[in-house]
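Read-outs throughout are calculated quantities, based only on the coordinates presented, and are distinct from any laboratory measurement. Here the structure is a predicted model, which means the values were calculated and not measured. As a convention, Cβ positions derive from the backbone with ideal geometry for all residues, glycine included, and neighbour counts pool all protein chains shown.
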Amino acid sequence: MNLTSPRRSTPNDDDTTAPVELPHVLVTVAADGTVTATVDGTLFASPDVSAWTRATFGPLMDAITKDRTIAVRVEVRESDGSVFTDILRTRKPRRAAAPSETPVPETRRSRHARRVPRLAEVTGHGFLPGEDVAVATIVSHTDATGTGEARTLVDLDDLPDGTHEVILFGRISGTLAVRRLT
């Protein structure tokens, strides 16, 4: 038996937390590849005359989430009866570093402390446009382009010794691309 009252939100609470209830996006894919989407039961129509399709899934999610400023719960129902669910989180705004008022003089030690990264490009196909693509051994994340291609640069010095393969994993489509690092 719980004798304490439920926690109430206060003005001092962190405003960056997700709401208790996320908007529910239901995407239904027809056999011909057309897509219908509802947000909390309300039809989300295409802004132009054409219907949403698999190829426009990324722009559809961008439109619903207002370019990832709103977190949503997405449920995709395929024509074969399979169902995929995911939560699309908001993106944190990137802040530009403020330029220093007084430049710091470069020393011999600071010149040698700079490390030039050893990068390897990893590319995979078959992802949904705009889809969040995990990079594993998970060192970063990337997004799929409008053509469904995911691309990332991997700093070889950030990988554990003996790592010779990288996996790209589509969080919505389930697409896996395993690539050997050369």
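How would you order 150-160, 43-53 from highest to lowest mean count of nearby Cβ atoms within 10 Å?
Ranking, from highest mean packing down: 150-160, 43-53.
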Förster-model FRET efficiency, 25 Å R0, D62 and L181, C-beta, rounded to 0.05: 0.20
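Regarding region 118-180, what whole-number volume in Å³ per residue does the convex hull of its Cα atoms give? Walk me through the numbers on the way to the answer.
Working: hull volume 4.0 nm³, N = 63.
With only Cα atoms used, region 118-180 gives 63 Å³ per residue.
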Region 24-88: projected area of the alpha-carbon convex hull, averaged over directions, in nm²: 4.2 nm²
Under-5 Å amide H pairs with G148, H placed in peptide plane, nonlocal only: G130
